[in-house]
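The values are calculated or read from the model by the stated rules, or taken from the named source; none is laboratory data. Source: prediction; values computed, not measured. Methodologically, a virtual Cβ is constructed for each residue, glycine included, from the backbone with ideal geometry; neighbour enumeration extends over all protein chains shown.
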Amino acid sequence: MSLKYAVIGSGALGGFYGGKLAHSGKDVHFLFHSDYEFVLNNGLKVDSVNGDFHLTGINAYQSTVDMPKADVVLVCLKTTNNHLLKSLLSPILHSGTVIVLIQNGLGVEQDVASVFPQQPIVGGLAFICSNKIGDGHIAHLDYGKLNLGVFQGDIDPVVEQIKNDFTEAGVPAEVASNLMQARWQKLVWNIPYNGMTVVLNTTTDRLMSEASTRQLSYDLMLEVINGARACGVEVKESFADKMMELTDSMTPYAPSMKLDFDFKRPMEIEYIYSRPVKAAMEAGYAMKKVAMLESQLRFIQAGLSEI
C-alpha cells in the first residue's frame with residue numbers, strides 16, 4: 001500500500017523531508033504560506049550536502065481545505081503555531097490518518113492528542129541542520145536522521161512503512177522504542193544550543209571553541225539528563241559526551257531558535273524549556289541552569305514583542 005503524505009509547514013524541515021519523499025516518487029502534498037505563488041511558478045529547490053535537487057510541478061496548496069485527505073500528515077510547523085493545528089488538520093484527516101509531529105520539545109504529542117483524541121499520533125525527532133534561505137529554497141547543511149516514536153494508536157506496521165518510505169528517499173530513519181526517552185535525548189542538545197546561541201548572539205562552533213561556554217553547554221546537558229532521570233526516563237551521562245562530539249564535528253550552525261530571534265519571530269520557549277523544567281520540578285528535581293536560560297529567553301522574547 002502506498003501512502004499519501006501531507007506536509008504542513010514546508011520550510012526548513014517540511015521542505016527537506018517532504019521534498020526528499022516527493023523526489024523519490026512518493027505522493028506528497030505541500031501546504032505553503034508566504035511563498036505559495038513562488039513555488040507554484042518556480043518549484044521547490046533543495047541545496048543539500050547529499051546532492052541538490054529541484055522539484056517542479058509539485059502539489060502545492062495555500063489552504064488545507066483544497067488538499068486531499070492524507071494517510072500521513074507531517075507537521076513541521078514551529079510549536080508556536082500549534083494553536084492553528086485544529087483548523088489546519090481537520091480538513092485532511094480520515095479516521096486512520098497518522099499525525100507525525102516533527103517538532104521540538106516536550107509535551108507536543110499530549111497537547112495534540114487532546115485536540116485529536118481518536119487520531120494515531122507519532123512523535124518525530126529530526127537530527128538535522130537545515131534552513132530556509134529564500135522562497136521555495138531550502139539549504140540542508142548537515143545530518144538529516146529522523147526518529148519516529150508511536151505516542152497514540154496501534155499503528156506499528158504503518159510507522160514501519162513511513163520509516164521505509166523515508167529510507168527509500170535517502171533519509172536515515174529509525175523507529176524509537178521509547179518516545180519519551182527520544183524526546184529527552186533530543187533536549188540534551190536542543191536546550192543548551194538553541195538558548196545559548198540566542199542569549200549570546202552566536203553560533204554553535206563559537207560556543208564550542210570557548211572554554212567557558214563549552215563547559216556550560218556540558219553542564220546544561222548533564223542537568224537535562226538528571227531531569228530526565230527524575231521523570232523516570234533513563235539517559236546515560238555518556239550521551240552528553242556523544243552530543244559534544246557531534247557538535248564539534250558539526251558545520252557552524254545557527255539553530256532554529258537563533259534564526260527566530262534574528263528575524264524577530266516567536267521562539268519555541270514553552271515546549272523546549274518551560275515544559276521540561278516543570279516536569280523535572282514536579283518530579284522533585286530543579287534544573288536551575290536550564291530555568292535561568294528559560295528566564296533569559298523570556299526576557300529577550302518580551303523585548304522582541306515590543307519592537
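If you go through segment 44-68 one residue at a time, how many are in contact (Cβ under 8 Å) with a residue 60 or more places away in the chain, part of a loop (DSSP other than H, G, I, E, B), over 16 Å from SER24 (Cβ atoms) and out of contact with any Asp or Glu (no Cβ under 7 Å at 6 or more places or on another chain)?
2
Out of (1) outside any helix (DSSP H, G or I); (2) buried (at least 20 other Cβ atoms within 10 Å of the Cβ); (3) of a type in the set (Gly, Ala, Ser), the odd one out for GLY25 is which?
(2) is the only condition that GLY25 fails.
Considering each residue of segment 54-80, count those that are surrounded by 15 or more Cβ atoms within 10 Å (Cβ to Cβ) and touching a Gly at 6+ places or on another chain (Cβ under 8 Å), and give that number.
9
Looking at VAL233 and the list (1) crowded, with 16+ Cβ neighbours inside 10 Å; (2) closer than 17 Å to VAL290 by Cα; (3) not hydroxyl-bearing (Ser, Thr, Tyr), which single condition is not satisfied?
For VAL233, the exception is condition (2).
Take the conditions touching a residue at least 24 places away in the same chain (Cβ under 8 Å), more than 19 Å from the chain's Cα centre (by Cα), crowded, with 16+ Cβ neighbours inside 10 Å and not assigned by TED's automatic domain parsing to the domain that holds TYR273 and apply them to LYS20. Does it pass?
The answer is no for LYS20.
So which residues in segment 162-180 are surrounded by fewer than 17 Cβ atoms within 10 Å (Cβ to Cβ) and part of a helix (DSSP H, G or I), if there are any at all?
ASN164, THR167, GLU168
Does SER212 count as within 16 Å of GLY105 (Cβ to Cβ) and either polar (S, T, N, Q) or assigned by TED's automatic domain parsing to the domain that holds LYS132 (or both)?
Values: within 16 Å of GLY105 (Cβ to Cβ): no; either polar (S, T, N, Q) or assigned by TED's automatic domain parsing to the domain that holds LYS132 (or both): yes.
Spelling it out, it is not the case that SER212 is within 16 Å of GLY105 (Cβ to Cβ) and either polar (S, T, N, Q) or assigned by TED's automatic domain parsing to the domain that holds LYS132 (or both).
Filter segment 33-43 down to the residues that are assigned to a loop (DSSP other than H, G, I, E, B), touching a residue at least 60 places away in the same chain (Cβ under 8 Å) and either polar (S, T, N, Q) or closer than 11 Å to TYR61 by Cβ (or both) and list them by number.
From segment 33-43, those assigned to a loop (DSSP other than H, G, I, E, B) are 33-35, 43; that's our starting set.
Now drop any that are not touching a residue at least 60 places away in the same chain (Cβ under 8 Å), which leaves 34-35, 43.
Correct list: SER34 only.
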